[in-house]
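Enquirer: Handing you this structure, nothing more for now.
The values are calculated or read from the model by the stated rules, or taken from the named source; none is laboratory data. This structure is a prediction, so every number in the text was calculated from the model and none was measured. Cβ atoms come from the backbone with ideal geometry, glycine included; neighbour counts cover every protein chain shown.
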Amino acid sequence: MSTMDVKFKAYTEQSSKKLNIAHEQTLTGELMAQTKVAQLARDAGLEVGDKLLKRLAEKALRYFEQEIIDMEEVEKEERVNLAKKKASTPLPKKT
């Protein structure tokens, strides 16, 4: 790999991480705003508030379950890469 390839790969990985963080913050903020609206509707005695809160809770649960699955996959991939690296490292020669 050339130096430019390495720099480009590092740049795209960093950009991807920043984009993922921004997306996660947007989803979290959106979920919080929707929850606040649902709580206000419920507090006003509207039946739709309870239904919306239930739907938002289910949506949040699915989101966080997927986050846990994604984190477990990343950790597994990191362990596999570490094992491959250790396996490819030659043992020191005995003298």
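Enquirer: Let me spell it out: the conditions are (1) part of a helix (DSSP H, G or I); (2) out of contact with any helix residue (DSSP H, G or I) (no Cβ under 7 Å at 6 or more places or on another chain); (3) charged (D, E, K, R), and ARG42 meets all of them except one. Which number is the exception?
Expert: With respect to (1) part of a helix (DSSP H, G or I); (2) out of contact with any helix residue (DSSP H, G or I) (no Cβ under 7 Å at 6 or more places or on another chain); (3) charged (D, E, K, R), ARG42 is out only on (2).
Enquirer: ALA22 - would you say it is surrounded by 11 or more Cβ atoms within 10 Å (Cβ to Cβ) and either of a type in the set (Val, Ile, Thr) or without any contact (Cβ under 8 Å) to a residue 60 or more places away in the chain (or both)? Walk me through how you get there before you give the answer.
Expert: On the way: surrounded by 11 or more Cβ atoms within 10 Å (Cβ to Cβ): no; either of a type in the set (Val, Ile, Thr) or without any contact (Cβ under 8 Å) to a residue 60 or more places away in the chain (or both): yes.
When the stated conditions are applied, ALA22 does not pass them.
Enquirer: Assuming HIS23 fulfils every condition listed in (1) of a type outside the set (D, E, K, R); (2) part of a helix (DSSP H, G or I); (3) at pLDDT 75 or above apart from one, which condition is it?
Expert: Every condition holds for HIS23 apart from (3).
Enquirer: Could you please find all residues in the stretch 81-95 being modelled with pLDDT of 75 or more and either touching a strand residue (DSSP E or B) at 6+ places or on another chain (Cβ under 9 Å) or assigned to a loop (DSSP other than H, G, I, E, B) (or both)? Walk me through it before giving the result.
Expert: First, the residues of the stretch 81-95 that are modelled with pLDDT of 75 or more: 81-90, 92-93.
Matches in the stretch 81-95: THR89, PRO90, PRO92, LYS93.
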